[in-house]
Amino acid sequence: MNEFLKKINEYHQIVIYRHIRPDLDAFGSQLGMYYLIKDNFKDKRIVIAGKRDSQLCSMFLDFDENEYCNDEKTLGIVLDTANRDRIDGDYLMCDEIIKIDHHIIVDHYGSINIIDESASSCSQIIVEIYHQFKDQLTLSKEAASALYKGMVGDSNRFLYRNTDEKTFRCAATLVETGISIEDIYQELYLKDEKELLVTQFILNHYHVNNGVAYYILKDEDLKGLGISREEGSNYVNTLSNVREFQVWMAITENKVENNYRVSIRSRSIPIDKVANMFHGGGHALASGASLDDLGQLDELVRILKEKLNG
Ligand code: AMP
């Protein structure tokens with residue numbers, strides 16, 4: 001951990017990365033780290049990397065934009081990203097990389113790797129880093145708000161299994177800065193009536209095969225419902241908490257990549273290794289994958305059922 005502060009001190013230019021197809025924790029940890037450095041090291045040029053086409057952007061991207069300078073030594077901090085392929089942005093320009101992550105390790109690409117697979121979110125790890133250096137660093141409301149969104153996003157409001165006493169200690173630190181969690185929950189969870197129609201569509205069309213439940217949203221369905229592919233995946237937990245379903249999935253057509261994106265969730269049986277078999281990975285109970293076409297779906301369901309049956 002001491003190495004971490006040493007590296008921040010060493011570089012003037014720091015680029016902060018997260019994964020492609022960003023979720024709340026990807027943005028939360030990225031912006032949380034941005035503010036933590038900006039608020040405590042006044043002279044740094046800090047650049048936020050990654051595409052800005054996600055609908056989650058508006059909840060986070062209210063900061064001073066910086067362009068990076070090509071001929072300056074650069075420290076990259078990559079957050080919430082298990083492997084190089086999923087880094088959003090050109091990380092090859094960095095002289096050194098610090099990886100901070102909570103996914104199952106597949107690639108130690110950093111020169112410093114701060115990994116805690118048991119952490120409920122990457123944002124939580126950033127708060128733990130702050131705890132280590134509490135005497136030297138301040139934590140602003142901006143940083144705390146981004147990190148809180150990341151924490152509730154990945155733990156599903158402190159519901160998931162890896163929520164533990166460390167998670168609540170970190171949440172307490174964030175709340176102590178004076179952020180309004182009521183405002184944050186409104187921002188995250190208030191929905192439009194349109195979302196009820198998507199839920200209705202899913203409930204009318206989902207499939208179940210021996211404990212494995214899933215819905216498919218083809219491109220024409222996404223267009224008909226007026227949502228993006230990414231938004232279509234975000235409804236995966238519409239099928240959660242059903243006694244008969246051990247595993248549930250959202251399958252959404254990706255016209256750009258000419259494949260189907262799969263979000264897999266499980267109540268108790270680890271499914272990350274199954275995701276690895278379909279160009280994916282993630283966490284034991286929450287992983288992402290992709291199918292080249294729907295012809296591969298039977299195979300995916302067959303393997304998941306095999307896992308369920310031990
Ligand atoms: P998703 O279903 O896309 O929400 O992904 C669930 C979790 O798995 C998230 O933490 C993602 O960051 C992670 N994940 C998704 N796809 C991959 C992948 N191809 N490799 C590694 N982790 C992934």
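Specify the residue that is surrounded by the fewest Cβ atoms within 10 Å (Cβ to Cβ); the eligible residues are those in the range 5-21 that are in contact with a helix residue (DSSP H, G or I) (Cβ under 8 Å, 6 or more places away or on another chain) and at pLDDT 95 or above. Checked the range 5-21; the qualifying residue surrounded by the fewest Cβ atoms within 10 Å (Cβ to Cβ) is Ile20.
Within the range 88-109, not a single residue is away from the ligand (no atom under 12 Å from the Cβ), under 20 Å from Asp154 (Cα atoms), in contact (Cβ under 8 Å) with a residue 24 or more places away in the chain and more than 15 Å from the chain's Cα centre (by Cα). Collect the residues in the range 154-180 that are more than 20 Å from the chain's Cα centre (by Cα) and over 25 Å from Ser268 (Cα atoms), keeping them in residue-number order. Once the filter is applied, which keeps residues that are more than 20 Å from the chain's Cα centre (by Cα) and over 25 Å from Ser268 (Cα atoms), the range 154-180 yields Arg169, Ala172, Thr173, Val175, Glu176, Thr177, Gly178, Ile179, Ser180.
Selection within the range 22-53: residues that are part of a helix (DSSP H, G or I), crowded, with 16+ Cβ neighbours inside 10 Å and among the charged types (D, E, K, R). The member of this set that is modelled with the lowest pLDDT is Lys38. Restricting attention to the range 39-87, the residues that are without any contact (Cβ under 8 Å) to a residue 12 or more places away in the chain and within 27 Å of His108 (Cα to Cα) add up to 3.
Just one of the listed residues (Asp85, Asp71) is of a type in the set (D, E, K, R), more than 21 Å from Ile115 (Cβ to Cβ) and out of contact with any strand residue (DSSP E or B) (no Cβ under 9 Å at 6 or more places or on another chain), namely Asp71. Here the range 127-139 is the region considered, the condition is being outside any helix (DSSP H, G or I) and crowded, with 17+ Cβ neighbours inside 10 Å, and the residue that is nearest to the chain's Cα centre (by Cα) is Leu139. Residues that are of a type in the set (Ser, Thr, Tyr) and within 12 Å of the ligand (Cβ to nearest atom) number at least 1 in the following helices (runs of 4 or more DSSP H) confined to the range 181-298: 229-233. Please go through the range 17-61 and pick out each residue that is more than 15 Å from Glu142 (Cβ to Cβ), within 13 Å of the ligand (Cβ to nearest atom) and among the hydrophobic types (A, V, I, L, M, F, W, C). If the condition is that a residue be more than 15 Å from Glu142 (Cβ to Cβ), within 13 Å of the ligand (Cβ to nearest atom) and among the hydrophobic types (A, V, I, L, M, F, W, C), then Ile20, Leu24, Ala26, Leu56 are the ones that fit. Scanning the range 63-85 for residues that are away from the ligand (no atom under 16 Å from the Cβ), modelled with pLDDT of 95 or more and out of contact with any Cys (no Cβ under 8 Å at 6 or more places or on another chain) yields Glu72, Lys73, Ile77. Taking the range 18-61 as the range and being farther than 24 Å from Ile184 by Cβ and in contact with a Phe, Trp or Tyr (Cβ under 9 Å, 6 or more places away or on another chain) as the test, the residues that pass are Lys44, Arg45, Val47, Ala49.
The values are calculated or read from the model by the stated rules, or taken from the named source; none is laboratory data. Model, not experiment: these values are computed from the prediction. Neighbour counts run over all protein chains shown; Cβ positions are idealised from the backbone, glycine included.
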